[in-house]
Amino acid sequence: MEHIDETGPIQDEQDRVEHTDTAVIVTLLDPLTFKPSKMDEERTLDKLTLPRKVLGKHLKAMDQTAGDLGKSLALIAALARIPVRAAEELDARDIDLIMGVMEPFLPRLRATGRP
């Protein structure tokens with residue numbers, strides 16, 4: 001039975017997350033199968049490895065899509081080095097978990113301009 005901790009994700013979800021010195025590895029609820037491009041062979045991943053060091057190029061990927069969810073999927077795709085169309089096939093619970101565990105490694109967004 002899952003235990004809900006009021007200060008964080010469900011405990012069973014945290015069991016799917018591994019932290020290393022350089023990465024966060026998330027075991028997916030369902031394997032993700034995709035073709036990186038038309039010329040490539042199909043790939044199946046049961047885990048996504050995301051770098052703890054988020055770079056500008058990762059954040060910039062969010063600029064190429066609209067909407068909050070689209071931006072989140074673009075960020076996950078850039079971090080995991082998978083196509084956005086593959087990230088769109090992730091289970092919603094995986095998306096939520098990934099964004100939650102990556103939050104400490106993301107910069108605080110600062111307002112630009114003046115009111």
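Taking the condition under 11 Å from the mean Cα position of the chain (by Cα) and part of a strand (DSSP E or B), does residue 26 pass? For residue 26, the condition - under 11 Å from the mean Cα position of the chain (by Cα) and part of a strand (DSSP E or B) - is met.
Hey, among the residues in region 76-105 that are crowded, with 19+ Cβ neighbours inside 10 Å and farther than 16 Å from residue 51 by Cβ, which one's farthest from the chain's Cα centre (by Cα)? So the residue we want is 86.
Yes or no: residue 56 over 11 Å from the mean Cα position of the chain (by Cα), closer than 17 Å to residue 103 by Cα and surrounded by fewer than 16 Cβ atoms within 10 Å (Cβ to Cβ)? So residue 56 passes the test.
Of the candidates 59, 48, the single residue that is aliphatic (A, V, I, L, M) and at pLDDT 95 or above is 48.
Can you give me the ranges of the helices (runs of 4 or more DSSP H) entirely in region 37-115 with at least 3 residues that are closer than 18 Å to residue 16 by Cβ? Steps first, please.
Numbers: elements: 56-60, 68-80, 84-87, 92-102.
Result: 68-80, 92-102.
Of the residues making up region 1-23, those that are outside any loop (DSSP other than H, G, I, E, B), charged (D, E, K, R) and either closer than 13 Å to residue 94 by Cβ or modelled with pLDDT under 95 (or both) number 2.
The values are calculated or read from the model by the stated rules, or taken from the named source; none is laboratory data. Bear in mind that the values here come from a model prediction, so they are computed numbers and not experimental data. Cβ coordinates were reconstructed from backbone atoms using ideal geometry, including for glycine residues, and neighbour counts include every protein chain displayed.
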